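First comes the structure, then the notes that go with it.
Any read-out appearing in this document is the output of simple, stated calculations on the displayed coordinates, not a laboratory observation. Please read these numbers as outputs of a predicted model, since none were measured by experiment. With ideal geometry, Cβ positions are generated from the backbone for all residues, glycine too; neighbour counts draw on all protein chains shown.
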Amino acid sequence: MKKILLVDDNEQDRALYRRFLGRHLGFESIRFEEAATAAEARDQFLAHQPDCVLLDYNLPDADGLDILADLKTLTPPDSLCVVMVTGGGSEKLAVRALNNGALDYLVKRQFDQELLAKTVLHAIEKNEWRQYVARYHDELRAVNQQLRDSLDALTETRHEISLKNAQLTAANADLARANLDLDNFVYAASHDLKQPVDNLRGLFEELRSSATFHDAEAGTVLRLVDSSLQDLSKTIHDLSAVVQAERMTGGQPAEKVVLADLTKEVLTLLQPQVAAAQGCVHTDFAALPSLQFERSSLRTILLNLLSNALKYRHPDRPCKVEVRAYEAAGQPVLEVRDNGLGIDMERHGGEMFQLFRRFHPQASSGTGVGLFLVHRLVQAQGGRIEVTSQEGEGTTFRLYLGPAAG
């Protein structure tokens with residue numbers, strides 16, 4: 001229901017306006033309020049907040065322009081709907097009314113009921129549209145401000161990320177230099193220590209073969225010294241192998257490796273260990289006869305896995321090792337399975353590939369470098385290793401050689 005305030009000191013004119021507007025707009029859709037003076041107009045406006053004011057220019061206590069100015073102070077900007085009604089028909093007066101905020105004007109005795117209804121309805125619709133546009137602009141300004149704030153925040157975040165990236169790049173460069181320095185140090189130390197340790201072993205052998213010991217415990221001492229020298233020599237050799245492998249990783253192009261040929265080469269090197277373990281190594285490369293990989297790295301991987309399988313065999317049964325290759329989801333897999341001592345995965349699974357970590361020191365001498373080296377070489381090619389093992393039953397290594405297929 002629309003509320004219309006009729007401001008006119010002539011009661012007959014107000015009755016005429018009510019009749020005209022009611023006939024054309026529908027009495028049931030309009031509620032009329034009336035005022036005969038400027039003071040009454042102000043009170044009625046504040047009390048009812050009408051949708052439109054039909055305002056006579058000539059009132060006893062003020063003219064229409066003064067009342068219009070007063071009403072503008074009682075409502076938000078661009079939300080006042082006023083149709084000015086003049087008696088004299090002055091064009092100058094009409095222009096002043098429009099310039100001061102009236103939406104339209106009419107001249108008394110020069111309009112009929114249809115024109116009155118159309119003018120008032122048009123003024124209401126125009127005012128509603130104006131308010132809608134104002135709300136839309138306010139919302140648009142709010143959205144634009146939010147976008148500006150978001151852009152500022154995004155710019156700040158990008159700046160922070162850029163700084164973090166620069167810091168991370170610098171930290172990575174420092175870490176790379178530190179790793180390189182460490183590798184160089186380990187390589188140099190292991191390389192420089194090889195000759196003194198070999199000399200020491202030679203002197204020890206000479207001493208043991210030529211010297212005469214009268215102490216009954218001398219033999220035990222000699223065996224302990226010999227064992228310590230062997231452990232020291234093997235540790236230095238393994239450290240050198242790790243650093244050498246790290247330096248070579250990625251330095252050689254991948255090539256087609258025939259797995260049967262490579263395995264035969266490795267088993268030839270391990271023939272003494274195979275014989276000592278009374279072992280049997282079965283191979284099955286029918287599903288994947290060859291694959292693309294760095295040959296020297298794959299040789300090191302296979303050598304360490306087979307050597308461990310033979311070294312940590314179960315004492316109560318013949319050593320049996322199975323080597324096979326196949327594809328899984330487009331990714332080459334090399335699998336080495338043994339029936340050896342096995343590993344308690346719940347206890348040691350997280351330490352499987354740590355440097356110098358050994359799980360059966362009583363079974364065989366070693367430095368715990370082999371699995372660390374295998375893991376690093378597989379990772380360097382974007383691959384991964386899965387291990388399943390049961391203590392006392394055996395272990396299976398599944399090497400996914402290369403990144404997974406996209």
Cα-projected label distance for ARG317 with LYS264, points at 7 Å along beta-carbon direction, nm: 3.0
Computed FRET efficiency, Cβ-Cβ of SER79 and ALA170, R0 45 Å: what is it to the nearest 0.05? 0.15
Extension gain from GLN146 to TRP129, taking 0.36 nm per residue of separation minus the Cα-Cα distance: 3.6 nm
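For segment 87-144, run through the chymotrypsin sites (Phe, Trp or Tyr not before Pro) and keep only the ones in DSSP coil with at most 15 other Cβ atoms within 10 Å of their Cβ. Before the final figure, lay out each step's value.
Working: sites: TYR105, PHE111, TRP129, TYR132, TYR136; in loops: PHE111.
Sparse-neighbourhood loop chymotrypsin sites (Phe, Trp or Tyr not before Pro): PHE111.
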Give the distance, in whole Å, between the Cα centre of segment 84-114 and the Cα centre of segment 1-45. 17
Distance-filtered residues of segment 47-79 - backbone nitrogen under 16 Å, label point 7 angstrom along LYS92 Cα→Cβ: 65
For an R0 of 30 angstrom, estimate the FRET efficiency from the Cβ-Cβ distance between ALA254 and ALA328 and round to the nearest 0.05. 0.95
Can you pull the one-decimal nm distance between simple spin-label points at ARG177 and ASN10, each 7 Å off the Cα toward Cβ? 9.8
